[in-house]
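Enquirer: Here it is: the structure, laid out below.
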Amino acid sequence: MNIIFIAPPAAGKGTQASLLKEEFGLYHLSTGDLLREIAATNTEIGKEIKNLIDNGLFVSDELMFRLLESKISSIKKSNGIIFDGFPRTLKQASMLDELMEKNNDKIDHVIFLDIEKEVATKRATGRVSCNNCGSIYNIYFDSFIEDGKCNKCGCALTKREDDTIEKFSNRFDTYMEKTMPLISYYENKGLLTKISCNGTKEEIYDNIKSVLRRHVW
């Protein structure tokens with residue numbers, strides 16, 4: 001079972017991928033994690049990737065394809081792969097189809113985690129954390145014993161400076177604009193299902209499993 005997760009920022013993709021990985025023995029292939037892993041190696045390609053990341057530059061489709069091809073061939077003893085962060089464009093989708101066919105495999109289903117921009121914005125910009133005990137809260141969804149204080153240890157809560165509404169709004173809009181052709185591509189192939197992110201993480205996970213049971217298992 002090979003699944004692609006498509007999700008705008010703050011949709012909870014990482015949480016859902018982790019749940020599927022644990023329950024069904026799938027390999028969670030996050031391209032972000034893969035690039036950081038390779039950048040940490042003292043190899044020529046590692047240095048190249050690190051330079052790109054440090055300078056805020058994109059990894060080319062061709063290089064990303066080579067890295068994925070190498071990674072997939074090294075994955076052992078998994079019941080399938082969750083692709084997280086790839087593909088992001090129609091060209092990348094075509095490249096992934098080619099890669100899967102080369103390995104006598106295919107993409108079984110694509111999950112699009114559909115979240116309203118307002119909800120996503122509150123999830124992202126409402127995050128506050130405790131520097132003392134590490135607890136994380138959201139000012140829009142959690143209640144507090146004392147305003148601005150951690151419920152567990154009572155220390156002051158802090159917010160990341162880059163979690164601004166304007167910055168998140170731009171990230172969200174850019175993602176959706178670039179991803180819409182990809183959504184249509186997989187819809188036309190009969191592989192895509194939209195899952196609403198309204199609800200608890202448990203409810204969302206149950207909906208994902210129900211979809212996969214109908215279309216994959």
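The values are calculated or read from the model by the stated rules, or taken from the named source; none is laboratory data. Because the structure is a prediction, the values reported are computed rather than measured. As a convention, Cβ positions derive from the backbone with ideal geometry for all residues, glycine included, and neighbour counts pool all protein chains shown. Side chains are part of the model used for accessible areas, which takes the heavy atoms of the whole protein and leaves out ligands, DNA and RNA. Shrake-Rupley method; radii C 1.70, N 1.55, O 1.52, S 1.80 Å.
Enquirer: Could you identify which residue out of F144, F83, F172 has the top mean-square fluctuation in a GNM of the chain using Cα springs shorter than 10 Å?
Expert: F144
Enquirer: Placing unit charges on C-beta atoms (Lys and Arg positive, Asp and Glu negative, everything else neutral), compute the dipole magnitude of region 12-103 about its Cα centre in debye, rounded to 20. Write down the numbers at each step before the final one.
Expert: Details: 12 positive and 14 negative charges, 31 e Å.
With only Lys, Arg, Asp and Glu charged at Cβ, the dipole is about 140 debye.
Enquirer: Still on this structure, please answer the following. Just from its helices, what would the mean residue ellipticity at 222 nm be for the chain, if runs of 4 or more DSSP H residues each count -39500 (n - 2.57) and the sum is divided by every residue, rounded to the nearest 500 deg cm²/dmol?
Expert: Values: 8 runs with 107 residues, N = 217.
Taking each H run of at least 4 residues, the total per residue is -15500 deg cm²/dmol.
Enquirer: Could I ask something else about it? Sorting check: for 5-11, 73-79, which peptide has the highest mean count of neighbouring beta carbons within 10 Å, and how do the rest follow?
Expert: On the way: 5-11: 21.6, 73-79: 9.7.
Result, highest mean first: 5-11, 73-79.
Enquirer: Helix 13-24 sits at what angle to the longest principal axis of the chain, using alpha carbons and giving 0 to 90 degrees rounded to 10?
Expert: Roughly 60 degrees between the two axes.
Enquirer: Helix 90-102: angle to the longest alpha-carbon principal axis of the chain, degrees 0 to 90, nearest 10?
Expert: With both axes taken from Cα atoms, the answer is about 50 degrees.
Enquirer: Further question on the same structure: Counting heavy atoms of the protein chains only and a 1.4 Å probe, report the per residue accessible area for the chain as a whole number of Å².
Expert: Accessible area per residue: 57 Å².
Enquirer: Give me the dipole magnitude in Debye, nearest 20, for region 1-48 about the Cα centre, with unit charges on the beta carbon: positive for Lys and Arg, negative for Asp and Glu. Present the calculation step by step, with values, prior to reporting the outcome.
Expert: Values: 4 positive and 6 negative charges, 25 e Å.
Computed charge dipole of region 1-48: roughly 120 debye.
Enquirer: Here's something else I'd like to know. May I ask you to rank D54, D163, D173 by accessible area, largest first, using a 1.4 Å probe over the protein chains only? Mind showing how you got there, number by number?
Expert: On the way: D54 105, D163 15, D173 70 Å².
Solvent-accessible surface, decreasing: D54, D173, D163.
Enquirer: When the accessible area of the chain is computed with all protein chains present and a 1.4 Å probe, what percentage of it is carbon and sulfur?
Expert: On the way: 5970 of 12420 Å².
Carbon and sulfur together cover 48 percent of it.
Enquirer: Something else now. Using 0.36 nm times the number of residues separating L90 and E177, minus their current alpha carbon distance, what extension gain do you get?
Expert: Values: separation 87, 0.36 × 87 = 31.32 nm, distance 1.27 nm.
Result: 30.0 nm gained on full extension.
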